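Each remark here refers to the structure printed beneath this line.
The values are calculated or read from the model by the stated rules, or taken from the named source; none is laboratory data. Computed from a predicted structure; not experimentally measured. For neighbour counting, all protein chains shown are included, and Cβ atoms are generated from backbone atoms with ideal geometry for every residue, glycine included.
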Amino acid sequence: MSALHVLIVDDELPARERLRALLAEIDSAEVAGEAATGEQALQLATSLSPSVVLLDVRMPGMDGIETAHHLSTLARPPAVIFTTAYDEYAIEAFDAQAIGYLLKPVRKEKLAAALAQAARLTGRELRAVAAAAATRRTHIAARNRDGVRLIPIEEILFFFAEQKYTTVRHAQGEDLIEDSLRTLEEEFGELFVRIHRNALVSTRHLDVIERSGEGQYFVRVRGCEQPLQVSRRMAGELRERFRI
């Protein structure tokens, strides 16, 4: 059986070095790479397609819980094993569909057992685990030819759906994502308002709601030059929500 390719993710160098040393003693595994942040982990997971990610929970910036949810959306999601010094994250870890949870300092026999469990998971089982992951993200991950771009939710102006892709317009430009408007609305409902069957607008960046002489409603979004049209079906809900 081929060795498991393992990506080590921890913001502390000594912790990464310890995991690398332990993996060197386990015949069934080899190190595919190392990352110090959640963003680096996503970039490397996209390019390296590791079998397993050993993922620290508490990291600066995007923590391990959210990183695990983004990893679960990859075309070939890896098995995630959390490593942490704090046992209060156990419930969140399994909500994030981790297949293992190891307390630091990690012991070789515990690590080997978790890796053995990961090796038994089939691709179908990993996809099922990924599909079950559900929590509200603080970033949207957009994959492009350069890897993965993480877009903070607070920087998103609006989502616009066209054919099978969704465009996310944000402070730095725009990207294509595969999330549907329906799933985005379910996840971020109170942060965005639907103005059209094809568009969700950030309430944070919504500047003004206008009405034309013909009775057509439009919204203006800060950071966006062109007004966005509101469908007649959504106009009533928009007026009620914003008391206009």
Checklist entry - Has region 224-240 got any residue that is within 30 Å of SER72 (Cα to Cα) and surrounded by 14 or more Cβ atoms within 10 Å (Cβ to Cβ)? => result no
Checklist outcome for this item: Residue hits (region 10-48; basic (Lys, Arg) and touching a residue at least 60 places away in the same chain (Cβ under 8 Å)) are ARG18
Next on the checklist: Can you find a residue that is over 23 Å from LYS110 (Cα atoms), touching a residue at least 60 places away in the same chain (Cβ under 8 Å), polar (S, T, N, Q) and surrounded by 17 or more Cβ atoms within 10 Å (Cβ to Cβ) anywhere in region 49-59?
Outcome noted: no
Checklist entry - Considering region 150-192 alone, what residues qualify as being buried (at least 18 other Cβ atoms within 10 Å of the Cβ) and either of a type in the set (Ser, Thr, Tyr) or at pLDDT below 85 (or both)? => result THR166
Next on the checklist: Any residue in region 159-174 that is in contact (Cβ under 8 Å) with a residue 24 or more places away in the chain sitting within a Cβ distance under 7 Å of a residue that is aliphatic (A, V, I, L, M) and outside any strand (DSSP E or B)? List the pairs, counting only those 6 or more apart or interchain.
Outcome noted: PHE159/LEU181; PHE159/LEU184; ALA161/LEU181
Next on the checklist: When you scan region 46-53, do you find a residue that is farther than 22 Å from GLN117 by Cβ and assigned by TED's automatic domain parsing to the domain that holds VAL106, even just one?
Outcome noted: yes
Checklist entry - Does at least one position in region 197-212 carry a residue that is touching a Ser or Thr at 6+ places or on another chain (Cβ under 6 Å) and surrounded by 13 or more Cβ atoms within 10 Å (Cβ to Cβ)? => result no
